[in-house]
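*Asks:* Before we start, here is the structure in question, set down as structure tokens.
The values are calculated or read from the model by the stated rules, or taken from the named source; none is laboratory data. Keep in mind that what you see is a predicted model, and the values were worked out from it rather than measured. Cβ placement follows ideal geometry from the backbone for every residue including glycine, while neighbour counts extend to all protein chains displayed.
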Amino acid sequence: MKNNTEHLTAEEMIKFVSFKGLNEETKELASKVNSHILNCDVCLEKVRAFQMVSEAIQNLDANEIFSKECVDLECVLEKCAQQEEEENKEDN
Ligand SMILES: [Zn+2]
């Protein structure tokens with residue numbers, strides 16, 4: 001079910017933090033994400049977390065941070081999806 005009050009998906013957030021260059025799709029996504037996180041602290045925090053991970057991966061200097069556990073965007077995506085599922089269960 002899609003509606004205006006639905007939270008951003010992990011996929012959307014990852015696309016938002018990792019896209020390079022503007023095109024019609026990323027412009028639409030960016031305006032959707034930006035307008036949502038203005039009013040939603042939950043998603044703002046998640047987008048920030050994704051941004052940190054994304055930047056850390058891009059600056060490979062930050063590799064040390066991730067050396068303990070293998071953390072990459074896919075792991076984060078998975079965790080976030082699980083968290084979303086749990087949150088949805090709690091809502092019901
Ligand atoms: Zn939200």
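*Asks:* Count, please, the residues in segment 4-33 that happen to be more than 12 Å from the ligand (Cβ to nearest atom), exposed (fewer than 13 other Cβ atoms within 10 Å of the Cβ) and not hydrophobic (A, V, I, L, M, F, W, C).
*Replies:* So in segment 4-33, the residues more than 12 Å from the ligand (Cβ to nearest atom) come out as 11, 14-31.
Imposing the further condition that a residue be exposed (fewer than 13 other Cβ atoms within 10 Å of the Cβ) reduces the set to 11, 20-25, 27-28, 31.
If we keep only those that are not hydrophobic (A, V, I, L, M, F, W, C) as well, we get 11, 20-21, 23-25, 27-28, 31.
So the count comes out to 9.
*Asks:* Condition first: hydrophobic (A, V, I, L, M, F, W, C) and surrounded by 15 or more Cβ atoms within 10 Å (Cβ to Cβ). Now tell me which residues in segment 37-48 satisfy that. Step through it out loud before you land on a result.
*Replies:* Just the residues of segment 37-48 that are hydrophobic (A, V, I, L, M, F, W, C), to begin with: 37-38, 40, 42-44, 47.
Within segment 37-48, I37, C40, C43, L44, V47 qualify.
*Asks:* Still on this structure: Just one of the numbered conditions (1) out of contact with any Asp or Glu (no Cβ under 9 Å at 6 or more places or on another chain); (2) surrounded by 10 or more Cβ atoms within 10 Å (Cβ to Cβ); (3) modelled with pLDDT of 90 or more is not true of E87; which one?
*Replies:* (3)
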